[in-house]
Amino acid sequence: MAEVYDQGGVKIIPFYLPQFHEIPENNKWWGEGFTEWTNVRKAKPLFEGHRQPKIPLDNNYYNLMDDNVKIWQAKIAKEHGIFGFCYYHYWFKNGRKLLEKPAEQMLQNQKIDIPFCFCWANENWSKNWDGGNREVIMEQHYGGKQDWEMHFQYLLPFFRDKRYITVHGKPIFVIYKPEQIIDLYDMVKYFRKRAQEEGFPGLCVCFQFPTYYADMYYRADIFDYRIGFEPVYSRNIKSLNKPGTSSSIKLLRNIIGERAISVYRKIRSGSSKSWAKPQYLSMYFYDETWETILNAEWTKDFLPGAFVDWDNTPRNKHGLMYEGFSIKKFEKYMKQLVDRAEREKKPMIFINAWNEWGEGAFLEPDEQYGYQKLEAIKKAKSH
C-alpha cells in the first residue's frame, strides 16, 4: 500500500477532477461533446488585465479516456514532488455513478504509477456547479445499509490496490460535505466495520468542506482528520474556529442517542431552502489568504491545505477570484507550509488542485507558466 508514514516527509496530495471526458449525462444536460474543457475554452476576460481563457501547454486539451494521458500525469506529478492524487468520486443512491471511468481504467492499468485515494463528492449535481439545491439535475440520496454495502463493495477493489493511500495501513476515504448525510455516524461506523472485516486495520475517514466543522450536528468522534480545504477554509476561518454543535443537539445526543439526531434531521431536511444565486463577482487577496493559511491554529486532527490560485469565472461570471498570484509567491508560501507541516509532523498536505481548470486551481502546465507551478512544488519539497 502507499503508506503516508513511509520515508519522505510530508506528502503532497492534490485533488483531481475527472471531468475531462464525455459522459451521456453531461451530453444531455449541457450539450453534445461537453467536458470541463468546454467551460475553459469559452471563458472570456471580464475586465482589463483579467487573464482568460486559461490555455493548457501545447493546447493539450486531453481526454481522460486515454490511458497515456493518465500515465503522463502520473509521471510529471511524481517528478515534481507530488505523492499522489485524491480523485473526486461521484456516487449516488442505488449504485449510480458519474465520471467513474478514469479511476476504473487506472485501477486496471498498473502503468499509471502513482498513489491515489478517493474524495466522495457527495453533493447534488446541479446546473450551478456548486452542489446547491437549485436547478438540481441529479439529487443525492444516501439510503441505508443496503446502499452503504453496495458503495463499499465498489470501493473495496480500490482499497486493496497497492497504490491506494493509507495511514497506518488504513485506506483514506475523504467525504466532501458530511453535513449533508443524515445518517452520517451510522454510515461511517458501518464503513469502518466493513474495512476491518475485509482485513484492514480500519478506515481513515476525513472530511473536506469546512462547513461541517461549524454544523450544528457536528461531532468530533466521527472523523480521523479534517482537511483545510483551501481557499474556502481560510476565507471562512472566523466562523470555523469552534465546532457549531448546538446545546440542544448535544442534549438529544446524550439522552436519546444518534438515532434521534437522524430522525430529527430527516424531519428538518424537507424544509431546507434553495441558495440565492450570486449576482456579482467576488474578489479576494492571494497574500492575505496565504497569511491566514500559514498562521492558522492546527489541532491534532487537522490536515493543512494549500491552493494554487482561484478564478471560477469560466463556470460563473458572477463567481469568485483571487488577486495577486505569482509563481514566486506560490513557491515561497509552499516552502513555508511544508516547513511547518514537517515541524508539526503532519503526514499530508492536500492541495487544490491538480486540474481544476474551470476554477483556475491547477498545477498542470499551461501556456502562461509552463511547468513553473510544478517546479515550485518540487522546490518546496526539496529545499
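The values are calculated or read from the model by the stated rules, or taken from the named source; none is laboratory data. In this text, all values refer to a predicted model and were calculated from it rather than measured experimentally. Cβ coordinates were reconstructed from backbone atoms using ideal geometry, including for glycine residues, and neighbour counts include every protein chain displayed.
Things worth noting here:
- Pairing residues of the stretch 35-48 that are more than 13 Å from residue 59 (Cα to Cα) with residues that are of a type in the set (Lys, Arg), at Cβ distances under 9 Å and at least 6 apart in sequence or on separate chains, gives 39/315; 43/54; 43/315; 44/317; 45/51; 46/317.
- Of all residues in the stretch 295-307, none are surrounded by fewer than 20 Cβ atoms within 10 Å (Cβ to Cβ) and over 24 Å from residue 213 (Cα atoms).
- Failed condition for residue 206, given (1) under 20 Å from residue 304 (Cα atoms); (2) touching a Phe, Trp or Tyr at 6+ places or on another chain (Cβ under 6 Å); (3) part of a helix (DSSP H, G or I); (4) not acidic (Asp, Glu): (3)
- For the stretch 364-383, filtering for residues that are more than 22 Å from the chain's Cα centre (by Cα) and of a type in the set (Gly, Ala, Ser) leaves 2.
- Filtered residues of the stretch 29-81 (kept if among the basic types (Lys, Arg) and under 30 Å from residue 110 (Cβ atoms)): 70, 75, 78
- Looking across the stretch 302-351, the residues that are under 28 Å from residue 39 (Cα atoms), of a type in the set (D, E, K, R) and in contact with a strand residue (DSSP E or B) (Cβ under 7 Å, 6 or more places away or on another chain) come down to 309, 311, 323.
- Which listed residue, of 37, 91, 72, is over 22 Å from residue 126 (Cα atoms), within 23 Å of the chain's Cα centre (by Cα) and not small (Gly, Ala, Ser): 72
- Filtered residues of the stretch 368-383 (kept if under 19 Å from residue 75 (Cβ atoms), at pLDDT 95 or above and polar (S, T, N, Q)): 372
- When the criteria are applied in full, residue 332 meets the requirement of being out of contact with any His (no Cβ under 9 Å at 6 or more places or on another chain), more than 17 Å from residue 232 (Cα to Cα) and at pLDDT 95 or above.
- If the condition is being under 17 Å from residue 73 (Cβ atoms) and among the aliphatic types (A, V, I, L, M), then the stretch 28-62 contributes 40, 57.
- Checking each residue in the stretch 332-367 for being assigned to a loop (DSSP other than H, G, I, E, B) and under 20 Å from residue 72 (Cβ atoms) picks out 353, 354, 363, 364, 365, 367.
- Considered as a group, the residues in the stretch 135-144 that are of a type outside the set (D, E, K, R) and free of Cβ contacts under 8 Å to residues at least 40 places away in the same chain include one that is surrounded by the fewest Cβ atoms within 10 Å (Cβ to Cβ), and that residue is 144.
- Near pairs, Cβ below 7 angstrom, 6+ apart or cross-chain, from the stretch 90-101 (more than 10 Å from residue 140 (Cβ to Cβ)) to any residue that is surrounded by 14 or more Cβ atoms within 10 Å (Cβ to Cβ) and β-branched (Val, Ile, Thr): 98/23; 99/23
- Qualifying residue in the stretch 338-352 (condition: without any contact (Cβ under 8 Å) to a residue 40 or more places away in the chain and of a type in the set (Asp, Glu)): yes
- Within the stretch 145-202, considering residues that are part of a loop (DSSP other than H, G, I, E, B), more than 18 Å from the chain's Cα centre (by Cα) and on the phi < 0 side of the Ramachandran plot, the one surrounded by the most Cβ atoms within 10 Å (Cβ to Cβ): 183
- Residue check, residue 63 of a type in the set (S, T, N, Q) and either touching a residue at least 60 places away in the same chain (Cβ under 8 Å) or under 26 Å from residue 207 (Cβ atoms) (or both): no
- The one condition in (1) crowded, with 16+ Cβ neighbours inside 10 Å; (2) at pLDDT below 95; (3) within 20 Å of residue 16 (Cβ to Cβ) that residue 132 fails to fulfil: (3)
- Of all the residues in the stretch 47-75, those that are under 28 Å from residue 156 (Cα atoms) and of a type in the set (A, V, I, L, M, F, W, C) number 6.
- The helices (runs of 4 or more DSSP H) found entirely in the stretch 1-113 that carry 3 or more residues being closer than 20 Å to residue 312 by Cα and in contact with a helix residue (DSSP H, G or I) (Cβ under 7 Å, 6 or more places away or on another chain) are 36-42.
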